[in-house]
Amino acid sequence: MLKSLYMFTIAVVASLLVAPAFAQDATAGEKTFKKCVACHAIGEGAKNKVGPVLTDVIGRQAGTGEGYQYGKDMVLAGEKGLMWTQELLAEYLEDPKQFLRDYLEDSGANSKMSFKLKDDKERTDVAAYLASQGPDADASTQPTADQAQANEAEAETPEMSVEDVIAAQEFSEAYLTDPKNIEAGKEFWYAQCTHCHGFKAYPGKAPKLKPAKYKPEFVFKRVYKGFKKMPAWRDTYTVEEIRQIVSYVKAPGFSP
Ligand code: HEC
Ligand code: HEC
């Protein structure tokens with residue numbers, strides 16, 4: 001009796017796992033999505049990173065993810081009617097800049113997303129995966145809180161090279177002056193950086209920072225990658241957290 005109940009349970013669980021037609025691709029696409037997590041989060045509680053949150057992106061007007069600062073050409077494309085379908089998204093991933101140029105018929109159009117996904121199958125798979133994360137998706141393919149957390153954790157060990165992540169950074173005025181970012185960065189600064197930098201640190205342990213002389217990208221690079229006796233912080237902080245530290249270092253209220 002107990003055994004048959006057990007078998008029954010397995011059968012039910014197995015039937016729940018029988019996913020819609022795109023399941024095969026979506027599963028492969030979930031792996032491909034690891035190439036995206038350095039810049040994109042997905043699922044419950046996902047936050048914007050270098051790129052916008054991608055939950056529900058299929059069916060969404062381009063350039064309208066909440067609270068994310070898009071490039072102007074992406075916003076324009078959305079206003080002109082670009083809605084993400086699986087097909088369009090797969091096309092976009094091949095070369096975001098070229099895609100926007102074609103779509104807007106403007107050879108000067110630009111994309112904030114520098115990453116390109118060259119492999120055809122990876123593109124269609126990851127598009128299927130994103131479709132499986134939308135509101136219309138079968139409930140059994142929704143990410144659990146655990147998965148969302150795993151995605152977050154993976155974001156800290158991206159498969160992109162260190163140089164790729166550094167090259168992908170851009171800091172808009174709006175980002176750098178957002179009080180939310182500055183406040184978060186300030187906390188990290190006092191919790192960590194003042195061990196070596198700043199008036200309370202042992203003199204000579206680290207140079208006094210001269211933020212006026214640094215481009216934000218330079219500060220990001222030093223913090224993400226380290227330099228000589230300055231440790232690398234990329235295993236301690238996420239890309240987004242390091243960006244917040246940069247916004248504090250560049251803020252008028254920064255105290256070196
Ligand atoms: C190096 C960082 C980076 C990587 C890696 C990256 N993206 Fe992006 N992505 C961005 C940025 C930045 C934008 C915003 C583009 C703009 O505003 O022009 C974006 C935009 C998008 C958009 C448009 C979203 C919207 O709301 O209109 C989609 C879809 C997307 N990315 C999918 C992906 C997928 C899938 C991958 C992995 C295969 C990926 N991206 C990898 C940075 C990245
Ligand atoms: C363990 C000590 C230590 C900690 C902690 C530390 N740094 Fe540094 N940092 C250094 C040293 C040493 C240098 C000088 C490296 C060199 O140029 O040889 C440096 C250099 C830098 C520079 C480049 C300065 C220049 O003028 O070239 C920046 C920017 C910087 N640190 C930011 C930070 C931030 C932000 C944090 C906190 C996340 C931090 N550091 C934490 C030791 C530290």
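When a/c reaches 1.5 or more, the comparison of a/b and b/c decides; with that in mind, is the stretch 51-133 rounded, prolate or oblate per its Cα gyration tensor? Please report the intermediate quantities before stating the final value.
On the way: a/c = 1.70, a/b = 1.19, b/c = 1.43.
It comes out oblate by the Cα gyration axes.
Step through the table entries K35/K221; K34/K80; K118/K215; K47/K229; K35/K210; K35/K213, compare each Cα-Cα distance with 23 Å, and write down the pairs that go over it.
Values: K35/K221 20 Å; K34/K80 31 Å; K118/K215 31 Å; K47/K229 32 Å; K35/K210 35 Å; K35/K213 33 Å.
The answer is K34/K80; K118/K215; K47/K229; K35/K210; K35/K213.
In terms of solvent-accessible area of protein heavy atoms at a 1.4 angstrom probe, what is the ranking of I242, I58, highest value first?
Details: I242 0, I58 50 Å².
The most accessible residue leads, giving I58, I242.
Counting heavy atoms of the protein chains only and a 1.4 Å probe, report the per residue accessible area for the stretch 173-249 as a whole number of Å². Each step should come with its number before you reach the end.
Details: 4760 Å² over 77 residues.
Per-residue value: 62 Å².
Using the Cβ atoms and a cut-off under 15 Å, what net charge is assigned to the surroundings of K205, where Lys and Arg are +1 and Asp and Glu are -1? All intermediate terms of the calculation are to be shown ahead of the outcome.
Working: positive: K200, K208, K228, K229; negative: none.
Cβ neighbours under 15 Å give a net charge of +4.
Round to the nearest 10 and report in Å² the accessible area of Y92, as given by a 1.4 Å probe over the protein chains' heavy atoms.
We get 20 Å² for Y92.
Can you figure out the FRET efficiency of E217 with Q192, using R₀ = 22 Å and their beta-carbon distance, to the nearest 0.05?
Computed FRET efficiency for E217 and Q192 comes out at 0.60.
Roughly how much of M113 is accessible, in Å² to the nearest 10, using a 1.4 Å probe?
40
What is the distance, in nm, between label points placed 7 Å from the Cα along the Cα-to-Cβ direction at A232 and at D106?
Result for the modelled spin labels: 3.8 nm.
The values are calculated or read from the model by the stated rules, or taken from the named source; none is laboratory data. In this text, all values refer to a predicted model and were calculated from it rather than measured experimentally. Note: ideal-geometry Cβ built from the backbone for every residue, glycine included; neighbour counts use all protein chains shown. Protein only, heavy atoms only, side chains kept; ligands, DNA and RNA dropped before computing areas. Shrake-Rupley method; radii C 1.70, N 1.55, O 1.52, S 1.80 Å.
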